[in-house]
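Coordinate-derived values only; no laboratory data. Owing to the predicted nature of the structure, the values given are computational and were not obtained by experimental measurement. Cβ: placed from backbone, ideal geometry, glycine included. Neighbour counts: every protein chain shown.
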Amino acid sequence: GPDDSYFVWKKNGQKMKACITEQSHMLCDGRVHVLSWVKDSISENTEYKCSFISKVGNRTSEVHITVEDKDSTGQDGWTKEFDIWRSAISEHDKMMQSWRKTW
């Protein structure tokens, strides 16, 4: 990412200021690897938008999360999928920390 780059997170159209984590890491060729994510809990259907903004250009990603009843039969599947995502984020964080130590 360029030096002037930054993230803007929105939840249901409102800019978020809390629950946001960002990491950046310098690569050997001078480029920067940047990553941002949100830890949040919701009780209703929610739309998240993440915009990466810089002088070079902008990109926006969005996701719509649908909340189901706790008694829904899909709860077990969601719990397993959530555990997989949590594990992936944890592994990525460990990898970034390892890169920092190496470089």
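Table for the structure above
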read-out	value
Across LYS10/LYS101; LYS49/LYS94; LYS17/LYS80; LYS15/LYS55, pairs whose alpha-carbon gap is larger than 27 Å	LYS10/LYS101; LYS17/LYS80
Relative contact order [Cα under 8 Å, 6+ residues apart], the chain, whole percent	25
Correct option for P(r) over Cα pairs in 10 Å bins from 0, in percent [calculated from the coordinates] among (1) 12, 36, 34, 14, 4, 0; (2) 15, 51, 28, 5, 0; (3) 11, 19, 19, 16, 11, 9, 8, 5, 2, 0	(1)
Mean ellipticity per residue at 222 nm, deg cm²/dmol - from DSSP H runs of n ≥ 4 across the chain, formula -39500 (n - 2.57)	-10000 deg cm²/dmol
Most fluctuating residue given options CYS50, CYS28, CYS19, as computed from a GNM of the chain linking Cα atoms under 10 Å	CYS28
Residue-span extension gain [HIS64 to ARG100] - 0.36 nm each, minus C-alpha spacing	9.7 nm
The chain: angle of helix 75-102 to the longest principal axis, Cα-based, in degrees nearest 10	10
Dipole magnitude of segment 1-67, debye to nearest 20 (Cβ charges: Lys/Arg +1, Asp/Glu -1, about Cα centre)	140
Distant-in-sequence amide H partners of MET16 (H built 1.01 Å from N, under 5 Å)	TRP9, LYS10, LYS11
GNM result for the chain, Cα springs below 10 Å: residue of ILE89, ILE53, ILE42 fluctuating most strongly	ILE42
Gain on full stretching of the segment that runs from ASP4 to SER87 - 0.36 nm per residue minus C-alpha separation	26.8 nm
Trypsin sites (Lys or Arg not before Pro) restricted to segment 1-53 and DSSP loop, no more than 12 other C-beta within 10 Å	LYS17, ARG31, LYS39
